[in-house]
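> Pasting in a structure now, in structure tokens, and then I'll have a few things to ask.
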Amino acid sequence: MKEMIDYLNYLTEEDKNELVKSLTLPSKKGLVLNTRRASKAVLKGYNLTQDEYDDSLFIYSSEDEKMGKNVLHEAGAYYILDPSACLISKNLINERKEIVLDMCAAPGGKTISYALKNPQSLIIANDRSYKRATELSKNVERLGLANVVVTSYEPSYFLKDFEDFFSVIILDAPCSGSGMFRKDENVKEDWSYEKVLSLLPVQDELLEIAYKLLKKGGVLSYSTCSFLEEEDEERVRKLIDNHPDMTPIDLKHEEGFYYGTINKTVHLLPSHYKNGEGHYIALLRKEGEYKENKFTSNKYRFDKDLSLYIVKYKNEEYALNEIND
């Protein structure tokens, strides 16, 4: 752990010491309530604390409750996730009917919390690992999320047909995982600065793909579970240098935010942000006039029995709730 802490030059010595202490404490867990399936009343009797800023998020210690071994969990009443992951969906709530891409979606916390808060939007939850995408699909089905489509492609696949297309892109990039040290001992043992350096080209490539897929006026959420500037601010800074039309925007302030060396971007340090594990979050808007996507096709029909539109695309059929002509 000391090796990792030594690289955190943006922290004071006091902050470093506080962070080290916090990483010896039990990890925090959270669950986001699926209000389409259950009300808050079903959670009475459990040792849970409702989040101050999000009334659908409940926090608990990993030592207090075993909420994954519960009939309510199996029934889709809630989804268990790192509470820090909910910050992204809290900052992307929008009344528009948006088309969203979660580029590296598994295990699914950011996709699911976004889908629950934005039922009017369609989210494409992609993960290059078919195995991980399959598990994500099971969670989506368990929660009954009709506005999520799970795919398993290399992110570059979307460049074929979807440049300048998505209103929102969520990129929780593969990283060295230092923010998960107290949650997973294996991550701590596997960490090295060499691993950090090996992942930087991957993060840059994914950010470049995300930029190309994002439409004008759209928002990119870039996050990692790493404390290191190399994986965080430095990657965002490089993106902005290459694409000056990408501008950081404010996150809704919460107690415990540790603002990064790029204005408006945030580190979630367990020593400061008490309700979750380590994350870095940057929201960036692509300059330009926002225009809604319009779906037009003569290859759809309305199925009265299903009350859904059936769309044919490349010899496959898809069911949609509605069509925007």
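> Give me the percent of the accessible area of the stretch 3-85 that comes from carbon and sulfur atoms, probe 1.4 Å, all protein chains in place.
Of all accessible area on the stretch 3-85, carbon and sulfur atoms account for 47 percent.
> Further, regarding this structure: If I compute solvent accessible area with a 1.4 Å probe over the protein chains, what percent of it on the stretch 144-280 is carbon and sulfur?
The nonpolar share, carbon plus sulfur, comes to 50 percent.
> Let me ask another. With +1 on each Lys and Arg Cβ and -1 on each Asp and Glu Cβ, how big is the dipole of the stretch 57-160 about its Cα centre, in debye rounded to the nearest 20?
So the magnitude is around 280 debye.
> Calculate the FRET efficiency for residue 75 and residue 255 from the Cβ-Cβ distance with a Förster distance of 45 Å, rounded to the nearest 0.05.
Details: r = 33 Å, r/R0 = 0.73.
Approximately 0.85, to the nearest 0.05.
> For the chain, with only Lys/Arg (+1) and Asp/Glu (-1) charged at the beta-carbon, what is the dipole magnitude about the Cα centre, in debye rounded to 20?
On the way: 44 positive and 55 negative charges, 268 e Å.
Result for the chain is approximately 1280 debye, rounded to the nearest 20.
> For residue 218, list long-range residues whose amide hydrogen, built 1.01 Å from N in the peptide plane, is under 5 Å from its own amide hydrogen.
HN-HN under 5 Å from residue 218: 286.
> A follow-up question, please. Suppose we keep just the alpha-carbon trace of the stretch 6-137; what are its Rg and Dmax in angstrom?
16.8, 47
> For the chain, what does the accessible surface come to per residue with a 1.4 Å probe? Please give it in Å².
Values: 15840 Å² over 325 residues.
The answer is 49 Å² per residue.
> Would you calculate, for the chain, the mean residue ellipticity at 222 nm contributed by helices, counting each DSSP H stretch of 4 or more residues as -39,500 (n - 2.57) and dividing by all residues, to the nearest 500?
Numbers: 9 runs with 85 residues, N = 325.
After summing the helix terms and dividing by the residues of the chain, the value is -7500 deg cm²/dmol.
> Can you give me the three principal axis dimensions of the stretch 9-77 from its C-alpha atoms, in Å, biggest first?
47, 23, 18
> Determine the percent antiparallel among the DSSP beta bridges restricted to the chain, to the nearest 5. All intermediate terms of the calculation are to be shown ahead of the outcome.
Working: 35 of 52 bridges.
The answer is about 65 percent antiparallel.
> While we're looking at this one, here's another question. Give a quick list of GluC sites (Glu not before Pro) in the stretch 1-72 that DSSP marks as loop, anything other than H, G, I, E or B, with at most 10 other Cβ atoms within 10 Å.
63
> If the elastic network links every pair of Cα atoms under 10 Å, which of 210, 38, 125 fluctuates the most in the Gaussian network model of the chain?
Result for the chain, Cα springs under 10 Å: 38 fluctuates most.
> Same structure again: Where in the stretch 97-130 does the label zone of residue 154 land, with the point 7 angstrom along Cα→C-beta and an amide N cut-off under 16 Å?
So the set is 104, 127-130.
> Hey, how much of the P(r) for the stretch 126-209 falls beyond 19 Å, as a percent of Cα pairs?
So the portion of pairs separated by more than 19 Å is 55 percent.
> Take the Cα coordinates of the chain, assign each an equal point scatterer, and use the Debye formula without solvent to give log10 I(q)/I(0) at q = 0.14 Å⁻¹.
So the normalised log intensities work out to -1.16.
> Where does the stretch 175-250 land on the Kirkwood hydrodynamic radius, alpha-carbon pairs, in angstrom?
13.5 Å
> Now, a different point. Tell me which of 31, 288, 175 sits at the most positive position along the dipole axis of the chain, charges placed on C-beta atoms (Lys, Arg +1; Asp, Glu -1).
31
> Using bins 10 angstrom wide from zero, how does P(r) for the stretch 150-196 break down, in % of all Cα pairs?
Binned Cα distances yield the sequence 20, 35, 24, 20, 1.
> By how many nm would the segment from residue 97 to residue 263 lengthen if fully extended, with 0.36 nm per residue of separation less the alpha-carbon distance?
Working: separation 166, 0.36 × 166 = 59.76 nm, distance 2.91 nm.
In short, 56.9 nm is gained.
> So if R0 is 25 Å, what FRET efficiency would residue 307 and residue 205 give, r being the distance between their Cβ atoms, rounded to the nearest 0.05?
Values: r = 42 Å, r/R0 = 1.67.
With a Förster radius of 25 Å, E is 0.05.
> Now for a separate question. I'd like to know which of 4, 76, 112 lies farthest towards the positive end of the charge dipole of the stretch 1-118, counting +1 on Cβ of Lys and Arg and -1 on Cβ of Asp and Glu.
76
> Evaluate E = 1/(1 + (r/R0)^6) for residue 40 and residue 212, where r is the Cβ-Cβ distance and R0 equals 41 Å; express this FRET efficiency to the nearest 0.05.
0.45
> Taking the Cα atoms only, what angle lies between the long axis of helix 193-213 and the longest principal axis of the chain, rounded to 10 degrees?
30 degrees
> Give the residue list of trypsin sites (Lys or Arg not before Pro) in the stretch 44-131 that are DSSP loop and have at most 13 other beta-carbon atoms within 10 angstrom.
44, 66, 69, 96
> Just flag the GluC sites (Glu not before Pro) in the stretch 190-272 sitting in loop per DSSP whose Cβ has no more than 14 other Cβ atoms within 10 Å. Write out the running numbers ahead of the final one.
Details: sites: 194, 205, 208, 229, 230, 231, 233, 234, 254, 255; in loops: 229, 230, 231, 254, 255.
Here the sparse-neighbourhood loop sites are 255.
> Something else about it: Stick to Cα atoms and the Kirkwood definition of Rh, then tell me Rg/Rh for the stretch 150-309.
1.05
> Choose one answer from 240, 59, 88: the residue with the largest mean-square fluctuation in a GNM of the chain with alpha-carbon springs under 10 Å.
Comparing 240, 59, 88 in a Gaussian network model of the chain, the most mobile one is 240.
> Can you tell me what the convex hull of the Cα atoms of the stretch 234-308 projects to on average, as an area in nm²?
So the Cα hull casts an average projection of 9.5 nm².
> Please report the Cα spread of the stretch 86-139 along all three principal axes, rounded to whole Å, starting with the longest.
Principal extents (largest minus smallest coordinate, Cα): 33, 19, 17 Å.
The values are calculated or read from the model by the stated rules, or taken from the named source; none is laboratory data. Keep in mind the model is a prediction, meaning the values are calculated, not measured. Every residue, glycine as well, gets a Cβ built from its backbone with ideal geometry; the counts of neighbours run over all protein chains shown. We work out accessible area using only protein heavy atoms, side chains counted, and drop any ligands, DNA or RNA first. Shrake-Rupley method; radii C 1.70, N 1.55, O 1.52, S 1.80 Å.
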